Amino acid sequence: MLNKLPAAFFAGLRIEFFNETKAAVAVKQKWFNKNPFGSVYFAVLTMAAEMSTGVLCMANIYKRNPAVSMLVIKTEAVFYKKATGKILFTCLNGTAITALIDDAIATGEGRTIACQSTGRNEAGEIVAEIYCTWSFKVKTIKQ
């Protein structure tokens, strides 16, 4: 992660779980990622949520033929509680992402999907819900 996503590495993000349908990314409150109010900085929470959705997207475009590009085009967030301790962001949209990318390849048209990532504290309470909208397009070979 240090090589590809240095900001995520230094913020303390860690992939806790990953399969074809679900991904979970954790971040622990530390001196480096805190805000002046004694909780995890909102941008770090958003980064963790984006990673939980993004690993599912990346896994689905890996070695696809034709190749598919992906890009975050929008984020929306709702913060419910102070984020302290360890926060785990979970995305359950893997099946929908796979179907959408299959459709983009079949039709040759770009597609978008809003993926939800829910952040919970160690007590299981929802701290934040963050939506990352991803765009997928089949790459064309320029001649």
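Taking each residue of the range 122-143 that is over 22 Å from residue 100 (Cα atoms) and touching a residue at least 60 places away in the same chain (Cβ under 8 Å) and looking for partners that are assigned to a loop (DSSP other than H, G, I, E, B) and of a type outside the set (Val, Ile, Thr) with beta-carbon atoms closer than 7 Å, six or more apart or interchain, yields 127/80; 127/81; 127/83; 127/121; 128/80; 128/83. Number of residues in the range 23-49 that are in contact with a Ser or Thr (Cβ under 7 Å, 6 or more places away or on another chain), touching a residue at least 60 places away in the same chain (Cβ under 8 Å) and not β-branched (Val, Ile, Thr) equals 3.
Scanning the range 104-121 for residues that are touching a strand residue (DSSP E or B) at 6+ places or on another chain (Cβ under 6 Å) and free of Cβ contacts under 8 Å to residues at least 24 places away in the same chain turns up just one, 113. Just one of the listed residues (133, 118) is surrounded by fewer than 16 Cβ atoms within 10 Å (Cβ to Cβ) and not in a helix (DSSP H, G or I), namely 133.
Every residue, every condition in (1) in contact with a strand residue (DSSP E or B) (Cβ under 7 Å, 6 or more places away or on another chain); (2) surrounded by 21 or more Cβ atoms within 10 Å (Cβ to Cβ); (3) assigned to a loop (DSSP other than H, G, I, E, B); (4) not basic (Lys, Arg), yes or no:
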{"residue": "31", "(1), (2), (3), (4)": "no, no, yes, yes"}
{"residue": "38", "(1), (2), (3), (4)": "no, no, yes, yes"}
{"residue": "43", "(1), (2), (3), (4)": "no, no, no, yes"}
{"residue": "57", "(1), (2), (3), (4)": "yes, yes, no, yes"}
{"residue": "83", "(1), (2), (3), (4)": "yes, yes, yes, yes"}
{"residue": "100", "(1), (2), (3), (4)": "yes, no, no, yes"}
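Of the candidates 59, 49, 104, 24, the single residue that is within 16 Å of the chain's Cα centre (by Cα), over 23 Å from residue 128 (Cβ atoms) and modelled with pLDDT of 95 or more is 59.
The values are calculated or read from the model by the stated rules, or taken from the named source; none is laboratory data. These numbers were taken from a predicted model, which means no experiment stands behind them. Glycine also receives a Cβ, built like all others from the backbone with ideal geometry; neighbour counts cover every protein chain displayed.
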